[in-house]
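*Asks:* Let me begin by handing over the structure; questions about it come next.
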Amino acid sequence: MGTNLLFVPGNNPAMVQNAGILGADTVIFDLEDAVAGNEKDAARTLLKNALESMEYEGCETSVRINAMDTTHWEKDLRTVAVAGIDGLVIPKAERGEDIKAISEILDSITEAEDIFLIPLVESALGVENVYEIAASSKRIRGIFFGAEDYTADIGAVRTKGGEEIFWARGRIVNGAAAAGVEAIDTPFTDVEDIEGLKKDTIFAKALGFDGKASISPRHCGFIREIFYPQDEEIRYAIRVMDTVKEAEKSGKGVASMDGKMIDKPIVLRALKVLRAAGIKEDFRYE
Amino acid sequence: MGKKNAKAGSLESSDLLVVIEEKEAGEKLEIVMNSIVEKQYGDRIIEIAHEIAALKGMDNVRILIQDRGALDYAIRARIETAIERYERGV
């Protein structure tokens, strides 16, 4: 999934066809807020045709379907899931059972077991239930925090400083980590304020987020740069993974490196570094 | 009661506007197209329109296409949407 996810309006051909060159690790084609109610059918059909015929090399493709309290979500899901999508973003996620239901529909309509889900947690109830949501399906790659709707839901004023979302951000990071999935931070919505974006992204990284979404291609590079690990971190992570895999191959119960035992937190940290650096590593704990 | 019609798409760059109009009983499919890239891709746009119309069994309509440099996938999508809306009476 990488460290930066970019929203692209789902009914705009000029943007849909250029989405692969905008600098995002993961593109989120939007069928929800970016598409008017009477254009949902047109956007869905446009994305289906785009995904079936366009090559999006160098980035993953996902679609934000409409929320489950609308009449659109199931059509969205059934249309794009079989069109060659890498993942789905599920808005207004509040209960694990809803995500599980979506996962089960996916199981029934496609053999692509690697289609990932990113529940978008953006309400008070969703934040309360974040671990339950994050642990509800093997398809879940990460939890995405949506601060605009969340702030409205709790009755606070959204600010650039983000004091009003401090607690929710921490809970999202914690719930995602407890379930072993990534945490993706809310977009910084002032497209022109690059210094504000950098400050907000550095803070999100410090809180433990694995990446951040954006609504402008201008933000992608800055987000990637901030989340990109140092060279020595990458080298260390590669050594950790080599050591762990070697120990596993030779049947050793415990791996050690530089005289220190490599336990699960060290491996998880190494995997996180490699993900942020865009290095593929398939190692999984059984 | 007036004749059925439906439309999809826009006149934005890389998009196209498709209008479908019902014809008189017994009249055949008619495709009218103009495009900013008509010399290069006009034939291709007509070909796609014919292909989708045949697939959907649309043989008594006029399909009007105003193209703003759309790629094949967008041409297909907009014609499909216009036909679906026409059939639904939207």
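Residue-by-condition table, conditions (1) touching a residue at least 40 places away in the same chain (Cβ under 8 Å); (2) on the phi < 0 side of the Ramachandran plot; (3) touching a strand residue (DSSP E or B) at 6+ places or on another chain (Cβ under 8 Å):
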position	(1), (2), (3)
A:Arg139	no, yes, yes
A:Gly146	yes, yes, yes
A:Asp153	no, yes, no
A:Glu163	no, yes, no
A:Ile184	yes, yes, yes
A:Thr189	yes, yes, no
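*Asks:* I would also like to ask the following. Going through segment B:62-90 one residue at a time, which ones are in a helix (DSSP H, G or I), charged (D, E, K, R) and crowded, with 24+ Cβ neighbours inside 10 Å? Can you show your working first?
*Replies:* Let us first name the residues in segment B:62-90 that are in a helix (DSSP H, G or I), namely B:72-88.
Add one more test, that the residue is charged (D, E, K, R), and what stays is B:72, B:76, B:78, B:80, B:84-85, B:87-88.
Residue satisfying the conditions is B:Arg78 alone.
*Asks:* Now for a separate question. Being β-branched (Val, Ile, Thr) and more than 24 Å from B:Gly89 (Cβ to Cβ) is the filter here, so list the residues in segment B:4-47 that pass it.
*Replies:* Keep residues of segment B:4-47 that are β-branched (Val, Ile, Thr), which gives B:18-20, B:31-32, B:36-37, B:45-46.
Listed by number, the residues that qualify are B:Ile36, B:Val37, B:Ile45, B:Ile46.
*Asks:* Within segment A:121-132, how many residues are among the aliphatic types (A, V, I, L, M) and farther than 13 Å from A:Val173 by Cα?
*Replies:* Initial filter on segment A:121-132 (among the aliphatic types (A, V, I, L, M)): A:121, A:124-125, A:127, A:130.
Add one more test, that the residue is farther than 13 Å from A:Val173 by Cα, and what stays is A:124-125.
Result for segment A:121-132: 2.
*Asks:* Can you name the strands (runs of 3 or more DSSP E) wholly within segment A:185-273 that have at least 3 residues being outside the structural domain of A:Glu163 (by TED's automatic domain parsing) and farther than 19 Å from A:Leu22 by Cα? Walk me through how you get there before you give the answer.
*Replies:* Values: elements: A:211-214, A:255-257, A:260-262.
Correct list: A:255-257, A:260-262.
*Asks:* May I pose another question? Would you be able to say whether some residue in segment A:162-175 is among the hydrophobic types (A, V, I, L, M, F, W, C), surrounded by fewer than 19 Cβ atoms within 10 Å (Cβ to Cβ), part of a helix (DSSP H, G or I) and in the same structural domain as A:Cys59 (by TED's automatic domain parsing)? Talk me through it step by step, then tell me what you get.
*Replies:* Initially, segment A:162-175 is screened for residues among the hydrophobic types (A, V, I, L, M, F, W, C), giving A:165-168, A:172-173.
Retained after the next criterion (residues that are surrounded by fewer than 19 Cβ atoms within 10 Å (Cβ to Cβ)): A:166-167.
Cutting the leftovers down to part of a helix (DSSP H, G or I) gives us A:166-167.
From what is left, the residues that are in the same structural domain as A:Cys59 (by TED's automatic domain parsing) are A:166-167.
Yes.
*Asks:* For segment A:35-63, name all the residues that are away from chain B (no Cβ under 14 Å) and free of Cβ contacts under 8 Å to residues at least 40 places away in the same chain.
*Replies:* Applying the first criterion (away from chain B (no Cβ under 14 Å)) to segment A:35-63 yields A:57-60, A:62-63.
A:Glu57, A:Gly58, listed by residue number.
*Asks:* Now for a separate question. For residues that are among the β-branched types (Val, Ile, Thr), more than 16 Å from the chain's Cα centre (by Cα) and closer than 10 Å to A:Arg64 by Cα, tally how many sit in segment A:22-38.
*Replies:* To start, the set of residues in segment A:22-38 that are among the β-branched types (Val, Ile, Thr) comprises A:26-28, A:35.
The next check asks that each one be more than 16 Å from the chain's Cα centre (by Cα); those that pass are A:35.
Still in the running and closer than 10 Å to A:Arg64 by Cα: none.
Summing the residues that are among the β-branched types (Val, Ile, Thr), more than 16 Å from the chain's Cα centre (by Cα) and closer than 10 Å to A:Arg64 by Cα in segment A:22-38 gives 0.
*Asks:* Filter segment B:1-16 down to residues that are aliphatic (A, V, I, L, M) and surrounded by fewer than 18 Cβ atoms within 10 Å (Cβ to Cβ) and give me whichever is nearest to B:Glu38 (Cα to Cα). Spell out how you get there, then give the answer.
*Replies:* Looking only at segment B:1-16, we keep the residues that are aliphatic (A, V, I, L, M), and these are B:1, B:6, B:8, B:11, B:16.
Imposing the further condition that a residue be surrounded by fewer than 18 Cβ atoms within 10 Å (Cβ to Cβ) reduces the set to B:1, B:11.
Numbers: B:Met1: 36, B:Leu11: 15 Å.
Residue satisfying both the conditions and the ranking: B:Leu11.
*Asks:* Suppose we filter B:Glu38, B:Glu21, B:Glu12 for residues that are among the acidic types (Asp, Glu) and in contact with a Lys or Arg (Cβ under 6 Å, 6 or more places away or on another chain); which single one remains?
*Replies:* On the way: B:Glu38 fails: in contact with a Lys or Arg (Cβ under 6 Å, 6 or more places away or on another chain); B:Glu12 fails: in contact with a Lys or Arg (Cβ under 6 Å, 6 or more places away or on another chain).
That would be B:Glu21, the only listed residue that is among the acidic types (Asp, Glu) and in contact with a Lys or Arg (Cβ under 6 Å, 6 or more places away or on another chain).
*Asks:* Residue check: is B:Ala54 outside any strand (DSSP E or B), within 14 Å of chain A (Cβ to nearest Cβ) and not polar (S, T, N, Q)?
*Replies:* Criteria not met by B:Ala54.
*Asks:* Okay, next question. Here's a check for you: in segment A:85-108, which residue that is in contact with a Pro (Cβ under 7 Å, 6 or more places away or on another chain) and outside any helix (DSSP H, G or I) is surrounded by the most Cβ atoms within 10 Å (Cβ to Cβ)?
*Replies:* At the first step, the residues of segment A:85-108 found to be in contact with a Pro (Cβ under 7 Å, 6 or more places away or on another chain) are A:90, A:93, A:99.
This time we only want the ones that are outside any helix (DSSP H, G or I), so: A:90, A:93.
On the way: A:Ile90: 25, A:Ala93: 30.
So the residue we want is A:Ala93.
The values are calculated or read from the model by the stated rules, or taken from the named source; none is laboratory data. The structure displayed is predicted, hence computed values, not measured ones. Positions of Cβ are backbone-derived with ideal geometry, glycine not excepted, and every protein chain shown enters the neighbour counts.
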